[in-house]
Amino acid sequence: MTNDELIAALRDADAVKFGEFELSHGGTSEYYVDKYLFETDPHCLDLIAEAFAAELTEEKLAGVALGAVPLVAVTSVETGKPYVIARKQAKEYGTGNRIEGRLADGEEVVVLEDIATTGKSALDAVEALREAGAVVDRVCVVVDRQEGAAERLAEADVALDALVTAEDLLADESN
């Protein structure tokens, strides 16, 4: 799969919208990447799993709840690697875990995420995984909006790898 194939699939899924949008961090944007449209499209999921699989080494997978769960699940199937889910906060019922799934102390983990803007949710997941004993030094995202996530993660000694950047995704689209 090439970068162009994934960009075309995201566009074909109508996941890139133009207008005025409020983002989860409170800012606004002239474009929006609708993760629910690409995360519910089998073709997009297949391409994303294939692309993530090509980026991975021996790390265990982790997905940020709830948005990245479909991504980490299909990537797990593609690679045969198990995964864990990092919650924003521990549940107040059931097991009360912040990390769901099996995680060994000292295990190397890569966090998969849908879209990175400020990097806050990815960093929260990294911190939760580290508190649980994991070694995390990389986050892989489908789309990096290039609005500070890489820099924020770098401050925590975490590299950000993106399948697609906003620059790539928006090229020739806003005209």
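Considering only residues that are free of Cβ contacts under 8 Å to residues at least 60 places away in the same chain and closer than 22 Å to Gly19 by Cβ, look in region 125-146 and name the one that is surrounded by the most Cβ atoms within 10 Å (Cβ to Cβ).
Within region 125-146, the match that is surrounded by the most Cβ atoms within 10 Å (Cβ to Cβ) is Asp144.
Of everything in region 1-56, what is of a type outside the set (A, V, I, L, M, F, W, C), in contact with a strand residue (DSSP E or B) (Cβ under 7 Å, 6 or more places away or on another chain) and under 19 Å from Thr75 (Cβ atoms)? Give them in sequence order.
Asn3, Lys35, Glu39, Glu55
Within region 1-53, work out how many residues are exposed (fewer than 14 other Cβ atoms within 10 Å of the Cβ), of a type in the set (S, T, N, Q) and within 18 Å of Ala149 (Cβ to Cβ).
Here the count works out to 2.
Quick one: how many residues across region 102-118 are over 22 Å from Ala54 (Cβ atoms), at pLDDT 95 or above and not acidic (Asp, Glu)?
Here the count works out to 4.
Within region 74-91, which residues are assigned to a loop (DSSP other than H, G, I, E, B) and either of a type in the set (S, T, N, Q) or under 11 Å from the mean Cα position of the chain (by Cα) (or both)?
Within region 74-91, Gln89 is the sole residue that qualifies.
State whether the residues of region 17-32 include one that is farther than 22 Å from Asn3 by Cβ, aliphatic (A, V, I, L, M) and not in a helix (DSSP H, G or I).
Looking for residues that are farther than 22 Å from Asn3 by Cβ, aliphatic (A, V, I, L, M) and not in a helix (DSSP H, G or I), one finds at least one in region 17-32, hence yes.
For region 53-73, name all the residues that are among the aliphatic types (A, V, I, L, M) and not in a helix (DSSP H, G or I).
Of everything in region 53-73, those that are among the aliphatic types (A, V, I, L, M) and not in a helix (DSSP H, G or I) turn out to be Leu56, Leu61, Ala62, Val64, Ala65, Leu66, Ala68.
Could you please find all residues in region 2-40 being of a type in the set (A, V, I, L, M), over 21 Å from Leu66 (Cα atoms) and under 18 Å from the mean Cα position of the chain (by Cα)?
Matches in region 2-40: Leu6, Ile7, Ala9.
The values are calculated or read from the model by the stated rules, or taken from the named source; none is laboratory data. The shown structure was predicted, so the numbers you read here are calculated from the model rather than taken from an experiment. Cβ atoms come from the backbone with ideal geometry, glycine included; neighbour counts cover every protein chain shown.
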